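Student: Below is one structure. I have some questions about it.
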Amino acid sequence: MKRKIDFVKILCFIIGLVVIGSVSVTVAFHSSSLIFDEMLIAVAVIIVALGVIIVARNHIRGYFLSAAKSINSADDAALNEFSIAIMIANSADEVIWYNEKFRSGVLKGIDVFGNESSFIFDDSAQIGLAEEGYARVEYNEKVFNVYSLKSSEEYEEQTIYFFYDDTAFTKLKQKFDSSKLCVFFIHIDGLDVLMKNTPESKKNEMIGQIERKIEAIDKDSKGYMQKISTDKYLLLIEKHIFEEILKNKFEVLSNVRELDFGDRGNATLSIGVGVNGKNLSQSVEFANNALDMALGRGGDQAVIKNDDNFEFFGGVAESKPINTAVRIRLVSQTLKKLVLSSENVLIMGHAFSDMDSYGAAYGLFCAIKKLGKEVNIVCDYKKSLAGELIRYTARIQPNDDFIMSEREAESKISNRTLLIIVDTHRVSSLESKEVYQKCSDVVVIDHHRRTVDFIDNSILFYHDPSSSSACEMVTELLRYFGAEMLEKSQADALLSGIMLDTKNFVLKTSARTFEALGFLREKGADPVLAKGFFAQTIDTYALKSKIVSSAKTIKNYAVSFCEEKSENARLASAQAADELLGISGVEASFVAMTQDDGKLNISARSYGKVNVQLVMEQLGGGGHQTMAAAQVECEDKESFYKLIAEAYAAAKAK
């Protein structure tokens, strides 16, 4: 209503100005014949303006009469004396009354009669008040808890709003929250490798350089820092200081990474931060979990853990080796004991198994079978990408139905069944979630960088992101099972898995990779035979070529969309992603194909300059630095291109 009155006033004012201007022009040019008509128009405008003012006064008077009819003089006096600020609005949501406490405490002395309540309630506040009768409102640098009450009176429905000033408590809470302690655990990655064969004097100099970068975090924070082991530090700082560090995206990571120690390479840090714990003890627990996550993702990153999620920063350098021969032997012995104490063993990889997943499973299968235990591999071989390898191993084991479907495996599960999961640590990626959920004893062997939804109930979690493949990890374990535990078919299968994930020994290789290769060759592994497992049909080859030829490059990455739905699409898409890396200037590739459930399966590849794991994590997926994947809801090709661009930009910003 007030807006309508104001509009009419403005309109009359404009018309008046026009008339006055016209009269002035007429007088200037001595057109006396028009003066009389223009004067009549001016008088009419003045009369209308007076009418508007009278109407406005009557409406305003009507507001007060409406309020007065529903609030008698005694109530009015009582509400004015009330210690809580009160405002009343009519059915049109216009302010018709408020007490002195509201005028002075909320409005700071101004009047808002006739205004719509939206002047103080934004959209979210209006929804909260309508649905729950409560909203938290910030106005005039104050914070209010507002409660609403509908009052249906004889004349019209009204809404009464009660404003409780919560400013002092809010500021106190903010001060308390900002002074909470945040716990940092800072770990120097691979320090023993960095310092190997280094003179003592040089060691001190190198550690000193790293420590100066670490101490810079605490430079002006007035926090507490303590070295708790050779390569680990504890830092306690208040939350408001931590938020400043967060704004800089943990620049200490890049500062340490830039330290150049010549042939020994660069140092990197893993940082675990615990925030918002119920107490200091829980924040310490959060920080430990965060550090484990950072190390499990390959180091060179900071991970923040609060009460409900993880947040990641960094992770651009390659993983540092974290396994030693001692640790591998201990894990191997522990695994062997678990196998021997079980009733039967099931081995399972990820859905749509590849040669690394199936090769690792088969390598363990043969070894466990030689230990005299009943053992089976859970695999949907019809959907597997390792078809040639599966057919080869089936010929080696002609009288043994060792590959089981999900339903067959469920019938084998007892309370003493041991489930070994290879080449994944995510529940969402498993070949069968049902088999996993029914097994109480679970072992995980994986090399992918750790994600948030990792399997957290395993009795043995053997995880090494610095390994090239699950097959490399299984090869190392089987060396300590006993030399007789490895036969030629196992060696061939394990070799093919390593070849797949290293792209024929180009990516993610280390001295350990070639040690594993040497061991497999001693056991009869045939590289030519293993290469044959990569053979593809003419249809798959043609589809791969089509996907590559339809790709488009954006900045330093390539994207392509497989529009054909066939049984070869998944394999062709993965191979096309590999092929696209051969294009000049392409540092990462992303290829999508549509699954049976309508979701897009995205295969991501790189040679290491771009961490495709971070890109896929933006879409709910995972993997490791050079090979990752995700499954997403997406309507069409253009939407997919846009999705990748946004995920790429978000990962780069971290």
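Student: How many residues are open to solvent by less than 10 Å² (accessible area, probe 1.4 Å), among the β-branched types (V, I, T) and modelled with pLDDT under 95 if we restrict to the range 394-423? Lay out the reasoning, then the answer.
Tutor: At the first step, the residues of the range 394-423 found to be open to solvent by less than 10 Å² (accessible area, probe 1.4 Å) are 402, 409, 417-423.
Next, only the ones that are among the β-branched types (V, I, T) stay: 417, 420-422.
Adding the requirement that they be modelled with pLDDT under 95 leaves none.
Within the range 394-423, residues that are open to solvent by less than 10 Å² (accessible area, probe 1.4 Å), among the β-branched types (V, I, T) and modelled with pLDDT under 95 number 0.
Student: For S545, indicate whether it is among the small types (G, A, S), without any contact (Cβ under 8 Å) to a residue 40 or more places away in the chain, more than 22 Å from S639 (Cβ to Cβ) and surrounded by 13 or more Cβ atoms within 10 Å (Cβ to Cβ). Break it down into steps so the answer makes sense when it comes.
Tutor: Values: among the small types (G, A, S): yes; without any contact (Cβ under 8 Å) to a residue 40 or more places away in the chain: yes; more than 22 Å from S639 (Cβ to Cβ): yes; surrounded by 13 or more Cβ atoms within 10 Å (Cβ to Cβ): yes.
Here the answer is yes, as S545 does meet what is asked.
Student: Please count how many residues of the range 512-525 are acidic (D, E) and over 42 Å from the mean Cα position of the chain (by Cα).
Tutor: Taking the range 512-525 as the starting set, the residues that turn out to be acidic (D, E) are 515, 522.
So of that shortlist, the ones also over 42 Å from the mean Cα position of the chain (by Cα) come out as 522.
Adding up the residues that qualify gives 1.
Student: Of these, S353, S414, which one is within 36 Å of the chain's Cα centre (by Cα) and either part of a loop (DSSP other than H, G, I, E, B) or within 22 Å of K438 (Cα to Cα) (or both)?
Tutor: Values: S414 fails: within 36 Å of the chain's Cα centre (by Cα).
The unique qualifying residue is S353.
Student: Identify all residues within the range 563-608 that are hydrophobic (A, V, I, L, M, F, W, C) and either out of contact with any strand residue (DSSP E or B) (no Cβ under 6 Å at 6 or more places or on another chain) or open to solvent by 20 Å² or more (accessible area, probe 1.4 Å) (or both); write none if there are none.
Tutor: We begin by selecting, within the range 563-608, every residue hydrophobic (A, V, I, L, M, F, W, C); these are 569, 571-572, 574, 576-577, 580-581, 583, 586, 588, 590-593, 600, 602, 604.
Result: L571, A572, I583.
Student: Select from the range 157-200 the residues that are among the hydroxyl-bearing types (S, T, Y) and either surrounded by fewer than 12 Cβ atoms within 10 Å (Cβ to Cβ) or under 28 Å from Y98 (Cβ atoms) (or both) and list them in ascending order.
Tutor: T159, Y161, Y164, T167, T170, S179
Student: If you go through the range 78-116, how many residues are part of a strand (DSSP E or B) and either touching a Cys at 6+ places or on another chain (Cβ under 9 Å) or open to solvent by 60 Å² or more (accessible area, probe 1.4 Å) (or both)? Can you show your working first?
Tutor: To start, the set of residues in the range 78-116 that are part of a strand (DSSP E or B) comprises 85-89, 94-98, 116.
After this cut, where a residue has to be either touching a Cys at 6+ places or on another chain (Cβ under 9 Å) or open to solvent by 60 Å² or more (accessible area, probe 1.4 Å) (or both) as well, the list is 116.
Counting residues in the range 78-116 that are part of a strand (DSSP E or B) and either touching a Cys at 6+ places or on another chain (Cβ under 9 Å) or open to solvent by 60 Å² or more (accessible area, probe 1.4 Å) (or both) gives 1.
Residue-by-condition table, conditions (1) in contact with a strand residue (DSSP E or B) (Cβ under 7 Å, 6 or more places away or on another chain); (2) under 17 Å from K239 (Cβ atoms):
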| site | (1), (2) |
| --- | --- |
| S270 | yes, no |
| I304 | yes, yes |
| E311 | yes, yes |
| I328 | no, no |
| S332 | no, no |
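Student: When the residues of the range 612-628 are narrowed to those that are without any contact (Cβ under 8 Å) to a residue 40 or more places away in the chain and open to solvent by less than 40 Å² (accessible area, probe 1.4 Å), which ends up nearest to S468 (Cα to Cα)? Before the answer, list the steps.
Tutor: First, the residues of the range 612-628 that are without any contact (Cβ under 8 Å) to a residue 40 or more places away in the chain: 612, 615-616, 618-621, 628.
Okay, now just the ones that are also open to solvent by less than 40 Å² (accessible area, probe 1.4 Å), so 612, 615-616, 619, 621, 628.
Values: V612: 16, V615: 20, M616: 19, L619: 24, G621: 19, A628: 13 Å.
That would be A628.
Student: Return the only residue of Y480, Y462 being over 17 Å from F514 (Cβ atoms), in contact (Cβ under 8 Å) with a residue 12 or more places away in the chain and open to solvent by less than 10 Å² (accessible area, probe 1.4 Å). Show your work before the answer.
Tutor: Numbers: Y480 fails: open to solvent by less than 10 Å² (accessible area, probe 1.4 Å).
Every option except Y462 fails the conditions.
Student: So is A386 under 17 Å from D492 (Cα atoms), touching a Leu at 6+ places or on another chain (Cβ under 6 Å) and open to solvent by less than 10 Å² (accessible area, probe 1.4 Å) or not?
Tutor: Considered against the rule, which asks whether it is under 17 Å from D492 (Cα atoms), touching a Leu at 6+ places or on another chain (Cβ under 6 Å) and open to solvent by less than 10 Å² (accessible area, probe 1.4 Å), A386 comes out as no.
Table: residues versus (1) modelled with pLDDT of 95 or more; (2) of a type outside the set (G, A, S).
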residue: V326; (1), (2): no, yes
residue: R329; (1), (2): no, yes
residue: S341; (1), (2): no, no
residue: I347; (1), (2): yes, yes
residue: F352; (1), (2): no, yes
residue: Y362; (1), (2): yes, yes
residue: K370; (1), (2): no, yes
residue: K373; (1), (2): no, yes
residue: I377; (1), (2): yes, yes
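Student: Could you say which residue among K213, K219, K232, K239 is without any contact (Cβ under 8 Å) to a residue 24 or more places away in the chain, out of contact with any Phe, Trp or Tyr (no Cβ under 6 Å at 6 or more places or on another chain) and basic (K, R)? Give the steps one after another, and end with the answer.
Tutor: On the way: K213 fails: without any contact (Cβ under 8 Å) to a residue 24 or more places away in the chain; K232 fails: without any contact (Cβ under 8 Å) to a residue 24 or more places away in the chain; K239 fails: without any contact (Cβ under 8 Å) to a residue 24 or more places away in the chain.
Of K213, K219, K232, K239, the one residue that is without any contact (Cβ under 8 Å) to a residue 24 or more places away in the chain, out of contact with any Phe, Trp or Tyr (no Cβ under 6 Å at 6 or more places or on another chain) and basic (K, R) is K219.
Student: Out of the residues in the range 265-276 meeting the condition of being outside any strand (DSSP E or B) and touching an Asp or Glu at 6+ places or on another chain (Cβ under 7 Å), tell me which one is least open to solvent (accessible area, probe 1.4 Å). I'd like the intermediate steps shown before the answer.
Tutor: Here is the first cut: in the range 265-276, the residues outside any strand (DSSP E or B) are 265, 267-268, 275-276.
With touching an Asp or Glu at 6+ places or on another chain (Cβ under 7 Å) added as a condition, the list becomes 268, 276.
Working: T268: 5, N276: 62 Å².
Of everything passing the filter in the range 265-276, T268 is least open to solvent (accessible area, probe 1.4 Å).
Student: What is the residue count in the range 535-551 for residues that are in contact with a Cys (Cβ under 9 Å, 6 or more places away or on another chain) and either farther than 23 Å from A604 by Cβ or among the β-branched types (V, I, T) (or both)?
Tutor: Qualifying residue count, the range 535-551: 1.
The values are calculated or read from the model by the stated rules, or taken from the named source; none is laboratory data. Please read all numbers here as calculations on a predicted model, not as lab measurements. Every residue, glycine among them, receives a Cβ derived from its backbone with ideal geometry; neighbour counts consider all protein chains shown. With ligands, DNA and RNA removed, areas are computed over all heavy atoms of the protein, side chains included. Shrake-Rupley method; radii C 1.70, N 1.55, O 1.52, S 1.80 Å.
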